[in-house]
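Bear in mind that the values in this text are calculations on the coordinates, not laboratory data. Only a predicted model underlies this, so the values are computations on that prediction, with no experimental measurement involved. Here Cβ is always computed from backbone atoms with ideal geometry, including for glycine, and neighbour counts include all displayed protein chains.
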Amino acid sequence: MRLSVIGCGYLGAVHAAAMASIGHEVVGIDVDESKVTALREGRAPFFEPGLPEILTEGVASGGLTFTTDIAAAAGAAVHFIGVGTPQQKDGYGADLTYVNAAVDALLPHLSPGDIVAGKSTVPVGTAAVLAERIAKKGATLVWNPEFLREGWAVKDTIDPDRLVTGVPEGSAGERAADILREVYHPSVAKGTPFIVTDYATAELVKVAANAFLATKISFINAMAEIAEVTGADVTALADAIGHDARIGRRFLGAGVGFGGGCLPKDIRAFSARAEELGRGESVAFLREIDAINLRRRERAVQLVISSLGGSVHGKRVAVLGAAFKPHSDDIRDSPALDVAVRLRGLGADVVVTDPQAIENSRRVHPQLTYIEDRDEALTGADAVVVVTEWDEYRRQLSPEHAASLTHGRIIVDGRNCLDPAAWRAAGWEYYGMGRP
């Protein structure tokens, strides 16, 4: 099937390459010429494991092309909209500028019978508005939310755990759902749940999933706050309650909290949309979820300050991690960078290292000092803070080796990813998040 993907950022580039890898003919379209040039050359403009391989293969085979010309979408059976919906600059709501611009640009090139599939995360009610405009061209809108995890996005696209498609009522919706089944045939054939629903439900599935994950993470971080004043160990607590099948252990890792381009802005946009619908009280708890999440960053900073005797001024602090999570170079709303910036603002000599995110970090926070080599970053440090749980820090860095490089023996484990006993046995003062 011939497909077009409008928007070749993180979501769109992965989707285009993944669809080409399962046999479709795909054209990716974006207004950013530098991004398109890189993709044409088989170069991923961001770090995502597995993407360079399928991108190179797709471009080399001719089944995957990229362009800045929206007219190239003409003739595709399905047009995927994968542009960003960032948080508004003057509020919590989602900015739909890019979604509306993508639809405006695509409309002249639609043909009767075409399917437009929205993948962007949008406020509930958006699809119904867009559907009317698209229907005037004889095309049908479906809403097909993405559930990508950065670091595993290729797998999540090619082999998802579920597929959700919101369609209009009647025969047009039934036909559209059948065409989406064809697009995702390998997944459907292996029994992946294919859920057909209405627009509003499909839009809510994505934000509800992110709100639930954010709630679970902030819940355990709230328990960490209680643990810190009672002497309890939040990690042991999470293990204990995680054995309950109704709760589960995943996403019960206390630490500096979540970041990235999805969870923070999506729960804020959800709250804003609920207020517009007159149901703000229904998700009022999301404001506290956000507040808990942000408090944990400050807690990590306070642990560094207290461990250094009440002041970080003039102290060298090695910050291990800049990306908001491992296996990614994404620094959007990164807790790691937030901690680094706060420490520098208090007068610390901050050195940041990360396996993938240094260049992105330098563009946004040029005031920080960046060192690519982990050991060089550790050299001479008075204190060390682990804020992104890369294997380079949690598995491949021994406390003995670290001690041979640093000046001080203080480590703040912002992700509770280290073995406290091993670090203390090697002579370190170990400070965790919600751990005694």
Helices (runs of 4 or more DSSP H) lying entirely in segment 170-272 (those with 3 or more residues that are among the hydrophobic types (A, V, I, L, M, F, W, C) and out of contact with any helix residue (DSSP H, G or I) (no Cβ under 6 Å at 6 or more places or on another chain)):
171-183, 199-230, 234-242
Can you list residue pairs whose Cβ atoms sit under 9 Å apart, with the first residue in segment 239-255 being touching a residue at least 40 places away in the same chain (Cβ under 8 Å) and the second being hydroxyl-bearing (Ser, Thr, Tyr)? Count only pairs 6 or more apart in sequence or on different chains.
253/235; 254/235
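Tell me, yes or no, whether segment 168-181 has at least one residue that is touching a Pro at 6+ places or on another chain (Cβ under 9 Å) and closer than 22 Å to residue 260 by Cβ.
no
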What tally of residues in segment 405-436 results from selecting those that are polar (S, T, N, Q) and out of contact with any strand residue (DSSP E or B) (no Cβ under 6 Å at 6 or more places or on another chain)?
1
Any idea which of 400, 372 is over 18 Å from residue 259 (Cα atoms), without any contact (Cβ under 8 Å) to a residue 40 or more places away in the chain and in a helix (DSSP H, G or I)?
400
Could you list all residues from segment 284-315 that are part of a helix (DSSP H, G or I) and either over 16 Å from residue 217 (Cβ atoms) or more than 23 Å from the chain's Cα centre (by Cα) (or both)?
298, 301, 302, 303, 304, 305, 306, 307
